[in-house]
1. Within segment 81-108, how many residues turn out to be of a type in the set (S, T, N, Q) and under 21 Å from ALA54 (Cα atoms)?
2. Within the group ARG154, ARG168, ARG163, which residue is modelled with pLDDT under 90, of a type outside the set (Gly, Ala, Ser) and not in a loop (DSSP other than H, G, I, E, B)?
3. Suppose we filter segment 25-79 for residues that are more than 30 Å from ASP99 (Cβ to Cβ), of a type in the set (S, T, N, Q) and either assigned to a loop (DSSP other than H, G, I, E, B) or under 19 Å from the mean Cα position of the chain (by Cα) (or both); how many remain?
4. Run down GLN112, GLN133 and say which single residue is surrounded by fewer than 16 Cβ atoms within 10 Å (Cβ to Cβ) and in the same structural domain as CYS147 (by TED's automatic domain parsing).
5. Among the residues of segment 78-91, count how many are of a type outside the set (A, V, I, L, M, F, W, C), out of contact with any Gly (no Cβ under 9 Å at 6 or more places or on another chain) and modelled with pLDDT of 95 or more.
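The values are calculated or read from the model by the stated rules, or taken from the named source; none is laboratory data. On a predicted model such as this, the values are computed, not experimentally measured, just so you know. Note that we place each Cβ from the backbone using ideal geometry, even for glycine, and neighbour counts take in every protein chain shown.
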Amino acid sequence: MAYDVSRGVTVMFGGSTTSGFSSETWEYGILDCNGNDVPDECETDSDSDGVIDACDNCPDDVNPDQANNDNDTLGNACDNCPNVDNEFQLNSDGDTLGDACDNCPWTDNEDQANNDNDSIGDACDNCPDVDNQNQDNNDNDSIGDACDNCPWCRRSLEPGHLRSLQNRPC
């Protein structure tokens, strides 16, 4: 038996076994990715992608290439942040994006719209058209200081009224 680093699997060469199936002699390399002396062809592959469940980084999603851009334990096919390591797959808002790569981790915003190109998505940005990374809001109304013409006067904001309130005096 030898470990093939290029394929990340153990390969058994010439020998015999009685590991739960009929005794046989192998003349060619047999894949055994988990090193349990059972050829992979005899083990479960739930998604039928050619990689057994024990060695598949997405056992329920077809991904024969096992691509894993962020090098965590999950393959791109089932990783909710395929380019950001997020081992625990936290997703606080229930959209398809994990918290680690979601620009509004507590607000569902599948499109990740971000008009002002700060790191805060429009769905949770208190000033969606003005870059205000820190989201300061001194008067604790729903308008961020960067676009609030009266940052020390608290006023309520109904949806759709942000732009009309921005230009009104205190």
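1. Number satisfying all stated conditions: 2.
2. ARG163 is the lone residue from the list that is modelled with pLDDT under 90, of a type outside the set (Gly, Ala, Ser) and not in a loop (DSSP other than H, G, I, E, B).
3. The number of residues fulfilling the criteria is 4.
4. So the residue among GLN112, GLN133 that is surrounded by fewer than 16 Cβ atoms within 10 Å (Cβ to Cβ) and in the same structural domain as CYS147 (by TED's automatic domain parsing) is GLN133.
5. Number satisfying all stated conditions: 1.
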